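Notes to accompany the following structure.
The values are calculated or read from the model by the stated rules, or taken from the named source; none is laboratory data. Bear in mind the structure is a predicted one, so any value in this text is a computation, not a measurement. Reconstructed Cβ throughout: ideal geometry from the backbone, glycine too, with neighbour counts over all protein chains shown.
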Amino acid sequence: MKTADPELMRAMNRLSVLDTIRRYGPISRVQISEKTELSPTTVSAITGSLLDDGLILTRHEGDIRSETVRGRPRVMLELNPAAARVVGAKIAANRIVFVVTDFCGDVLATLALPIRIDRQPISVIADIVEDGVRRCVLDAGLSLTEVHSVCLGLPGVIEHRSGHIRSSPILRDSNVDFAAEMSARLDTRTIIESDATAITLGHHWFGRARDLEDMVLVSLEQTLGLGVLHSNRLFRGAGGLSHNLGDLVLGMNKEGVVRLASQAGEAAILGVQQADGRLAEAVRLGRGMVHAQALIAADDSRLIRAASRAGETIGFTIANIVTLFAPPRVILVGSTLALGEPFLNSLQQAYARAIPPSLQGVSELVFDDSNDDFWARGAAAVALYELYESPWSTTGPAV
C-alpha cells in the first residue's frame, strides 16, 4: 500500500493555499506559509502556478515613492473575482432561489421563483430549474458559457459524488440522476447537494462559522438535515451521502420504529394530516410554520404542546451529536425556529439536561435565521470549493 500519493499531496497543498488566500487575503506568502505550515519554497511554487492560471492577483502594499514608507512594498495575494462564476440554488417545496457568484463567492445576481414544485414530475421540475438558472445568469450580465458550474441544493438523501437523489420530500420519484439531467440541459457541470450540507459550507465561508474549522449544523425545515465540518472540510458518508437526521431512530413501540421526524419534523409539529382551515392552506402554500407562530402567539394549546415536544426531542438529539463530535459550535437553522419560545426553551432545557457533565460548555448553540438567498449562496460555495480542488490550466478547470 502506498503511504503517500505525490499528486494527491500536491493537490491538497494547493487547495490549502488557495483556501487560505480566500479566508485571509490579501495575504503575503510568508503569512500563507505560517498558516498552512508549508515551506516557503512550496508556497512560492503553488502561488506562482495560481498566478499563471489567473486564480489569484497581486496587490502591493506600501509605495517606495513615499517618504513615509521605507523598503520595498509588500506583495500581497488575493483571489481574482473574475477567475470563475458559478450558480447556486436552494430548491424547496414551494420556491426556488438562485444566485450567481464570482470566484470569491460575492453575489452578482439573485432570482426567487415562488412556485410550488413538490410532487411535480421530474421533467417539469427540471424545466423550471433550467429556466431559473438561465434567467439568473442573464440578470448577472453573463451567458451560460461563462459559468463554470452549477450547484443545486435540495432536501433529502443526496449522493453527492454521483449526483443521484436517493429520496426527497419534494420529488415524486426516488433514485433520480438529477445531475446528469441538468448537466445535459445546461451544457454545464451540475452538482447536486443536500441543502443542509450546502448551508453548512455557506456558514463556514460567509456566516456564523467563519472562524472555525470544525462545526455542526442542524437544519430544521421540511426535513431534518445534518451538516458536519471537520478540519476545514465537509464530512459526507459513503458515496458522498448526506445525513438525513430525521431518519434517526429514537426507539420502538408497538407500531414499529420511532424516528426523529415523527416527533420533530414539520409535518409532525403542524399535524398536517389533521390540519384544516387556514393552517391547512398555509401548509399547502409552504407557510405553515409562519402561521403556526401566529397561532402559538394566540395561545393555541395543541401547537404549543407540539412545539415543546419537538424542541425537547431536538435538544436531546443535539446532546447526542455533541457527545459524538464535540464541536465548538452547533448552528441551528430553518423554518422551525419560527415557532419561538415554546420550541426554543424546550430545546435548550432538554439539551442542558442531556449533555454529559464532561462536555458542559464545550459546544455553543447558535440559532440563525438564514434567508433563502444565503442557502443558495451556500450551494454556490459548494460549486466554488470543487473548483478550488480542481487542477487548472490557463484554459480553465479540469473537472
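Only one entry of 319, 338, 292, 381 meets the criterion of being assigned by TED's automatic domain parsing to the domain that holds residue 160, crowded, with 17+ Cβ neighbours inside 10 Å and on the phi < 0 side of the Ramachandran plot, and that entry is 381. One residue stands out in the range 116-156 among those that are at pLDDT 95 or above and basic (Lys, Arg): the one that is nearest to residue 173 (Cα to Cα), namely 134.
Every condition in (1) buried (at least 18 other Cβ atoms within 10 Å of the Cβ); (2) under 14 Å from the mean Cα position of the chain (by Cα); (3) at pLDDT below 95 is met by residue 210 except one, and the failing one is (1). Residue 324 meets each of the listed conditions (1) more than 30 Å from residue 384 (Cα to Cα); (2) of a type in the set (A, V, I, L, M); (3) surrounded by fewer than 19 Cβ atoms within 10 Å (Cβ to Cβ); (4) out of contact with any Lys or Arg (no Cβ under 8 Å at 6 or more places or on another chain) apart from (1). In the range 257-269, the qualifying residues are those that are of a type outside the set (S, T, N, Q) and at pLDDT 90 or above, and the one that is surrounded by the fewest Cβ atoms within 10 Å (Cβ to Cβ) is 257. Consider the range 134-176 and keep the residues that are without any contact (Cβ under 8 Å) to a residue 60 or more places away in the chain and crowded, with 24+ Cβ neighbours inside 10 Å. The one that is nearest to residue 93 (Cα to Cα) is 168. I'd like the full set of residues that are assigned to a helix (DSSP H, G or I) and at pLDDT below 80, limited to the range 1-24. 6, 7, 8, listed by residue number. Any residue at all in the range 25-48 that's under 30 Å from residue 10 (Cβ atoms), part of a strand (DSSP E or B) and not assigned by TED's automatic domain parsing to the domain that holds residue 186? Among the residues of the range 25-48, at least one is under 30 Å from residue 10 (Cβ atoms), part of a strand (DSSP E or B) and not assigned by TED's automatic domain parsing to the domain that holds residue 186, which makes the answer yes. Number of residues in the range 71-112 that are among the charged types (D, E, K, R), over 21 Å from residue 197 (Cβ atoms) and touching a residue at least 24 places away in the same chain (Cβ under 8 Å): the value is 4.
Would you call residue 253 surrounded by fewer than 15 Cβ atoms within 10 Å (Cβ to Cβ), polar (S, T, N, Q), without any contact (Cβ under 8 Å) to a residue 24 or more places away in the chain and not assigned by TED's automatic domain parsing to the domain that holds residue 93? Yes: the conditions hold for residue 253.
Can you tell me which of 200, 190 is over 20 Å from residue 337 (Cβ atoms) and modelled with pLDDT of 95 or more?
190
As a summary of the residue check, residue 272 satisfies the conditions (1) of a type in the set (Val, Ile, Thr); (2) at pLDDT below 80; (3) not in a loop (DSSP other than H, G, I, E, B) except for the one numbered (3).
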